[in-house]
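Participant: Quick one: this structure, given as structure tokens, is what I'll be asking you about.
The values are calculated or read from the model by the stated rules, or taken from the named source; none is laboratory data. Predicted model, so just to flag it, every value in this text is computed and none were measured. A quick note on method: Cβ atoms are made from the backbone with ideal geometry, for glycine too, and the neighbour counts reach across all protein chains shown.
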Amino acid sequence: MDSTFEMVAKTFQGLEGVLAEELRSLGAESVSEGKRMVAFEGDLAMLYKANMCCRTALRILKPFYKFTATDPDELYAKVKDFDWSTIMRPDQTFSIDTVAYSDDFRNSQFVTYRVKDAIVDRFRDTLGDGHRPSVRLDGADIMINVHISGRDVTLSLDSSGESLHKRGWRKAQTEAPINEVLAAGIILLTGWKGDRPFVDPMCGSGTFAIEAALIAANIYPGIYRKHFAFENWPDFDADLLAEIYNDDTAERPVTAPILAADISPRAIEIARANALQAGVAQYINFEVKSIAKWEEPMSEPGTLVTNPPYGKRIGADDMNALYATLGRVFKHVFKGYDAWVIGYNDEYFHEIGLAPSQKIAVNNGGLDCELREYVIFEGTKRDFRAAGGKIKEEREEKPRREFRKDTRPRKDGDKPRKDFNKPRKDGDKPRKSFDKPRKDFDKPRREDVDRPYILSDKDAPARPKKPFERKPSLPAENEVVLRRATWRVRRKDRPTEE
């Protein structure tokens, strides 16, 4: 294998820029952003670092074979031509994940079958019957990704195995917890780096608070992993991975307070257990507290990030009142804060009663959501700006276009210029009026168009679905870890709960 090669990091929509910056900071080369992915180049150490250190990557792919195909038969032939003994042994297992955006390959499952047949037939032709790798859907030794765009086919090795959002520190969870990669990405989007207070007043199982503590302490998210798929590759270097794993020189003490609260005592119990397993419990203050009980103003400005219920998998008795309370607490308790809320229903966002300064489209658990930022300040917006305050993404007002008077010299035969200030004469065509006639609200309504009064919710007609509300997509793939790593000899002991 070449010392420097191409790689692809997969991520969530809206986190491509954050992931690109992470990769650059690790030393990746030729970094370029795409849709839910970032392409980059590096060596074997870079591959290991991307898996171990990136907080916003879901998996790291290593492309190894590219070609064009017009139909399944040509696809089969070209896959079979590849020397698969350089990728796997006949005693190993493999799995195939196919993504196709093509009019020529519309059935991704059929593509998977054809690729599988080509790999197996290649081993049979070279080694004889009975000498072939087996297919395993979960926990395979070698994981192959097939990506088809039009007629361009790319085969890649999945170096991660389990999705990288499965850090390894989560002991338990509340219902519908936020994805760890998404949580870390949202925190990085806010610009928070552990230099000011961090608050999550509706913390659930503590994902935001724990990921914030890992960011503040600069602890690699991959140190809790027991296994990566690249450990089954022929060129796996255990000493190199151990060196990266044990490099804690960049870790630092956490100085800013991290507060996490929830109305549920059970949720706080789970969050504490997760924080202890992650080794960051000493950095987080957990408290059983309803959002309505936040009354004392915070002593210093900071960052607030929260994921309130959406009314789908988790709800409240009165969702509108919950979001209205959230807005009231923002205005009276968290003055000077940048408050970030991830939500799904635009109607509930309006209940907050504040104008967002940013809106970022994200996907949470298969739901197309929005992340909104609210800059909380005292007084009016005019006073805030006069004091030097600035709300992000405020656009400078463009100067109005000035219409210059036509001063060009006239020629014989030119039409005379219109003089709009010339007084009107009798018989002139009246100028067009752009004023619409006012409605006559005293006009009685026709009986056949009168709408009945709605006395209760059950009598109300079905509300049309808003564009912002979408159905959840399929759940994430189920993957398992089969073996424990032999390279995990972390010098720095961390308090964990067995």
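Participant: Just one of Phe105, Phe40, Phe67 is in contact with an Asp or Glu (Cβ under 9 Å, 6 or more places away or on another chain), of a type in the set (Phe, Trp, Tyr), in contact (Cβ under 8 Å) with a residue 60 or more places away in the chain and not assigned by TED's automatic domain parsing to the domain that holds Leu188; which is it?
Facilitator: The conditions single out Phe67.
Participant: Now for a different question. Sort out which residues of region 114-155 are under 26 Å from Glu231 (Cα atoms), assigned to a helix (DSSP H, G or I) and out of contact with any Pro (no Cβ under 9 Å at 6 or more places or on another chain), and write them in order of number.
Facilitator: Answer for region 114-155, where residues must be under 26 Å from Glu231 (Cα atoms), assigned to a helix (DSSP H, G or I) and out of contact with any Pro (no Cβ under 9 Å at 6 or more places or on another chain): Val115, Lys116, Asp117, Ala118, Asp121, Arg122, Arg124, Thr126.
Participant: Inside region 1-31, can you point out the residues that are acidic (Asp, Glu) and farther than 24 Å from Val146 by Cβ?
Facilitator: Answer for region 1-31, where residues must be acidic (Asp, Glu) and farther than 24 Å from Val146 by Cβ: Glu21, Glu22, Glu29.
Participant: Just to check your reading of the model, which residue among Tyr48, Tyr76 is assigned to a helix (DSSP H, G or I), more than 24 Å from Glu162 (Cα to Cα) and out of contact with any Asp or Glu (no Cβ under 6 Å at 6 or more places or on another chain)?
Facilitator: Just a single option satisfies the conditions, and that option is Tyr76.
Participant: Give just the number: which of (1) in a helix (DSSP H, G or I); (2) modelled with pLDDT under 95; (3) closer than 26 Å to Gly191 by Cβ does Ser85 not satisfy?
Facilitator: In the conditions (1) in a helix (DSSP H, G or I); (2) modelled with pLDDT under 95; (3) closer than 26 Å to Gly191 by Cβ, Ser85 misses (3) alone.
Participant: Consider only pairs whose beta carbons are under 7 Å apart and that are at least six residues apart or on different chains; among these, list those whose first residue lies in region 235-262 and is not assigned by TED's automatic domain parsing to the domain that holds Lys49 and buried (at least 17 other Cβ atoms within 10 Å of the Cβ) and whose second residue is acidic (Asp, Glu) and assigned to a loop (DSSP other than H, G, I, E, B).
Facilitator: If the second residue must be acidic (Asp, Glu) and assigned to a loop (DSSP other than H, G, I, E, B), the pairs left are Ala256/Asp195.
Participant: For region 32-63, name all the residues that are within 21 Å of Asp152 (Cα to Cα) and in contact with a strand residue (DSSP E or B) (Cβ under 6 Å, 6 or more places away or on another chain).
Facilitator: Ser32, Met37, Val38, Ala39, Phe40, Glu41, Ile60, Leu61, Lys62, Pro63, listed by residue number.
Participant: Out of Phe105, Phe40, Phe110, Phe82, I need the residue that is under 26 Å from Thr4 (Cβ atoms) and more than 23 Å from the chain's Cα centre (by Cα). Which one?
Facilitator: Phe82
Participant: Of the conditions (1) surrounded by fewer than 14 Cβ atoms within 10 Å (Cβ to Cβ); (2) in contact with a His (Cβ under 7 Å, 6 or more places away or on another chain), Leu58 satisfies every one except a single condition; which number is it?
Facilitator: Leu58 satisfies every listed condition except (1).
Participant: Given region 275-393, what helices (runs of 4 or more DSSP H) lie entirely inside it while holding 1 or more residues that are at pLDDT below 90, more than 26 Å from the chain's Cα centre (by Cα) and surrounded by 13 or more Cβ atoms within 10 Å (Cβ to Cβ)?
Facilitator: 381-386
Participant: Going by the conditions given, is Arg124 over 30 Å from Ile268 (Cβ atoms), surrounded by 16 or more Cβ atoms within 10 Å (Cβ to Cβ) and either outside the structural domain of Glu74 (by TED's automatic domain parsing) or of a type outside the set (A, V, I, L, M, F, W, C) (or both)?
Facilitator: No, not satisfied.
Participant: Within region 263-276, which residues are of a type in the set (S, T, N, Q) and either closer than 23 Å to Trp192 by Cα or outside the structural domain of Asn307 (by TED's automatic domain parsing) (or both)?
Facilitator: Within region 263-276, just Asn274 meets the criteria.
Participant: May I ask you to verify whether Asp195 is in the same structural domain as Asp71 (by TED's automatic domain parsing), among the charged types (D, E, K, R) and either touching a residue at least 24 places away in the same chain (Cβ under 8 Å) or assigned to a loop (DSSP other than H, G, I, E, B) (or both)?
Facilitator: For Asp195, the condition - in the same structural domain as Asp71 (by TED's automatic domain parsing), among the charged types (D, E, K, R) and either touching a residue at least 24 places away in the same chain (Cβ under 8 Å) or assigned to a loop (DSSP other than H, G, I, E, B) (or both) - is not met.
Participant: Determine which member of the set Glu6, Glu22 is in contact (Cβ under 8 Å) with a residue 12 or more places away in the chain and in a strand (DSSP E or B).
Facilitator: Unique residue meeting the criteria: Glu6.
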